[in-house]
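What follows is a set of notes on a single structure, which appears directly below.
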Amino acid sequence: MPGEKILLVDDDQSLLRVTEKQLVNAEYRVTPVASTSAALERFSEEDFDLVVTDVQMPEMDGLELLAELKRRDPAVAVVVLTAFGSVERAVKAMRTGAADFLEKPYRREALLLAVEKGLRLRALLTENVRLQVELMDRFSFDEIVGGSEAMRDLFAMLGRVAKSDVSVLIRGESGTGKELIARAVHYRGPRAKKPFVAVNCAAIPDTLIESDLFGHTRGAFTGAVADRPGRFVEADGGTLFLDEIGELRTDVQAKLLRVLQDGEVRPLGGTKSLSVDVRLVTATNRDVETAMEEGTFRQDLYYRVAVVVLALPPLRDRADDIPLLARHFLVKKGAADLRMEPDFLEGLRTNPWPGNVRELENVIDRALVLRQHEDRLTAADLPPRPPTSRSAEDPLGIVIPDEGLSLAAVEKSLIEQALEKAGGNRSRAARLLGITRQTLLYRLEKHGLK
């Protein structure tokens, strides 16, 4: 591939001139340097398609130079030349990432073949990264990435829903990317130039949630030293995203329903209502149907917020998307050229991912910081999995005896354990059980627990 730029490194001036001439005669553009320090300096100033380097040099040997070049640019192709050939040295060079290894003296034809091989390897690496990025563009919706059938169906529905103005309920486990979906609905829709306001209902104390959503006037309660508009007014004309809507108290749910029906919001302590025009997008990781049966989530509110329901599948149910997501995170973090070895990808695929996509991104972050090789990720870069003696089919280790057992007694026992572990704090106990505080209160009453 004549015309490609080659950095040639050799401290032997006569051999440097001979090799340079051979490469120039083959129509390559050659930059000759006689030291590794000069090589690193030129490499930082210019883009080279290939590096040809001697091994035995005073400042830094060629294999150390190879490792440093690969650290700076994992896609660079390097051909190693040496007068002191050995099987061990050749193996080390190839493991460090050399495209080829030649023992001096070598024939001109062998040199040119090695150069061509290196350039082809670089072209393949570059094309591979380009195709992976192109694949991400093809199978993504804003920052949401996925090529599985479930995600393609979701993207198709998103495209249609975003153009409308209906209320949307997003369902999915924690870490699946519900807020990304909400943002996609907003920024692909007619309100894109208006505010997008996100509220995590689970993160706001019960005593403050009403004020946070609807606002308050000065003096409405202790600590209300000034008027505050509230999230509905902040989102006027745009989209209000209520994450974990299942955590709202039922009395707040009733007020939320009134706002949605009337298009007006009255701040706490206020005497006048304010008109608001808001598209509502909500999300939950709770079992809404059970919550409605238990009376902790209003049916009329559900039908108001769930005009369209978007279900996000957990990561374990779309394992084919994991390599695509991993590549997406590498590109996002400026490591697009980093290679993921098959054992690394297999380790990702077989992980159960209880934390879903958020957990996967954290694992990629860790691997980037602690990786053992500058140019690639291997299974050794994955965090150890926590030991468990429980199977996926029997996550609690409960075995039903032949005589049977009482489901109510098991539930009561688990609630008592959660309360004890939480020191009597009901909100914390509810989180331990994966239910809302309102659901826990209902079940406390059901089992006669105080």
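The values are calculated or read from the model by the stated rules, or taken from the named source; none is laboratory data. Everything numeric in this text was worked out from a predicted model, so none of it was measured. As a convention, Cβ positions derive from the backbone with ideal geometry for all residues, glycine included, and neighbour counts pool all protein chains shown.
Of the conditions (1) at pLDDT 95 or above; (2) at positive phi, Thr239 satisfies every one except a single condition; which number is it?
All conditions are met except number (2).
Just checking: which of the helices (runs of 4 or more DSSP H) contained wholly in region 272-387 hold 2 or more residues that are closer than 30 Å to Val168 by Cβ and of a type in the set (A, V, I, L, M)?
288-294, 299-305, 322-332, 356-370
Tell me, please, whether a residue that is in contact (Cβ under 8 Å) with a residue 60 or more places away in the chain, under 37 Å from the mean Cα position of the chain (by Cα) and in a strand (DSSP E or B) can be found in region 37-49.
no
Suppose we filter Ser211, Ser174 for residues that are of a type in the set (Ser, Thr, Tyr) and in a loop (DSSP other than H, G, I, E, B); which single one remains?
Ser174
Within region 83-97, identify whether any single residue is modelled with pLDDT of 80 or more and of a type in the set (D, E, K, R), and answer yes or no.
No, every residue in region 83-97 fails to be modelled with pLDDT of 80 or more and of a type in the set (D, E, K, R).
For a quick check of your reading of the model, give me the residue pairs whose first member lies in region 325-352 and is without any contact (Cβ under 8 Å) to a residue 24 or more places away in the chain and not assigned by TED's automatic domain parsing to the domain that holds Ala123, whose second is assigned to a helix (DSSP H, G or I) and of a type outside the set (Ser, Thr, Tyr), with beta-carbon atoms closer than 6 Å and at least 6 apart or on different chains.
Between residues of region 325-352 that are without any contact (Cβ under 8 Å) to a residue 24 or more places away in the chain and not assigned by TED's automatic domain parsing to the domain that holds Ala123 and residues that are assigned to a helix (DSSP H, G or I) and of a type outside the set (Ser, Thr, Tyr), the close pairs are Leu345/Pro323.
Might you check whether a residue that is in a loop (DSSP other than H, G, I, E, B), over 28 Å from Ala291 (Cα atoms) and touching a helix residue (DSSP H, G or I) at 6+ places or on another chain (Cβ under 9 Å) occurs anywhere in region 234-254?
yes
Residues of region 1-32 being among the small types (Gly, Ala, Ser) and over 47 Å from the mean Cα position of the chain (by Cα), which ones?
Within region 1-32, just Ser14 meets the criteria.
Taking interchain pairs and intrachain pairs at least six residues apart, which have beta carbon atoms under 6 angstrom, with the first residue in region 103-120 and at positive phi and among the polar types (S, T, N, Q) and the second part of a helix (DSSP H, G or I) and surrounded by 13 or more Cβ atoms within 10 Å (Cβ to Cβ)?
Hits for this filter: zero, empty list.
Specify which of the listed residues (Leu102, Leu111) is at pLDDT 80 or above, assigned to a helix (DSSP H, G or I) and either of a type in the set (Phe, Trp, Tyr) or within 30 Å of Asn25 (Cα to Cα) (or both).
Residue meeting the stated conditions: Leu111.
Each row is one residue, and each column tells you yes or no for (1) closer than 14 Å to Ile245 by Cβ; (2) free of Cβ contacts under 8 Å to residues at least 12 places away in the same chain; (3) in contact with an Asp or Glu (Cβ under 7 Å, 6 or more places away or on another chain); (4) crowded, with 17+ Cβ neighbours inside 10 Å.
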residue: Arg258; (1), (2), (3), (4): no, yes, no, no
residue: Glu264; (1), (2), (3), (4): no, no, no, no
residue: Lys272; (1), (2), (3), (4): no, yes, no, no
residue: Val276; (1), (2), (3), (4): no, no, yes, yes
residue: Val281; (1), (2), (3), (4): yes, no, no, yes
residue: Arg286; (1), (2), (3), (4): yes, no, no, yes
residue: Tyr302; (1), (2), (3), (4): yes, no, no, yes
residue: Ala311; (1), (2), (3), (4): no, no, no, no
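Return the residue satisfying two criteria in turn: it lies in region 147-163 and is without any contact (Cβ under 8 Å) to a residue 12 or more places away in the chain and out of contact with any Lys or Arg (no Cβ under 9 Å at 6 or more places or on another chain), and of such residues it is surrounded by the fewest Cβ atoms within 10 Å (Cβ to Cβ).
Restricting to residues being without any contact (Cβ under 8 Å) to a residue 12 or more places away in the chain and out of contact with any Lys or Arg (no Cβ under 9 Å at 6 or more places or on another chain), the top hit is Arg160.
Pairs only if they're at least six apart or on different chains, beta carbon under 6 angstrom, first in region 186-209 and under 16 Å from Thr282 (Cβ atoms), second in a helix (DSSP H, G or I) and of a type outside the set (D, E, K, R); list them, first residue then second.
Correct list of pairs: Gly189/Ala162; Phe196/His186; Cys201/Ile245; Ile209/Val252.
So Val199 passes all but one of these: (1) closer than 29 Å to Ala162 by Cα; (2) in a helix (DSSP H, G or I). Which condition number does it fail?
Every condition holds for Val199 apart from (2).
Would you confirm whether any residue within region 337-359 is β-branched (Val, Ile, Thr), touching a Gly at 6+ places or on another chain (Cβ under 8 Å) and under 25 Å from Glu244 (Cα atoms)?
Yes; the residues of region 337-359 include at least one that is β-branched (Val, Ile, Thr), touching a Gly at 6+ places or on another chain (Cβ under 8 Å) and under 25 Å from Glu244 (Cα atoms).
Being under 30 Å from Gly189 (Cα atoms) and in contact with a helix residue (DSSP H, G or I) (Cβ under 6 Å, 6 or more places away or on another chain): is that true of Arg349 here?
It is false that Arg349 is under 30 Å from Gly189 (Cα atoms) and in contact with a helix residue (DSSP H, G or I) (Cβ under 6 Å, 6 or more places away or on another chain).
Being of a type in the set (A, V, I, L, M, F, W, C) and in contact with a strand residue (DSSP E or B) (Cβ under 7 Å, 6 or more places away or on another chain): is that true of Leu360 here?
no
Please tell me if Arg17 is over 30 Å from Leu377 (Cα atoms), of a type outside the set (S, T, N, Q) and part of a helix (DSSP H, G or I).
Criteria met by Arg17.
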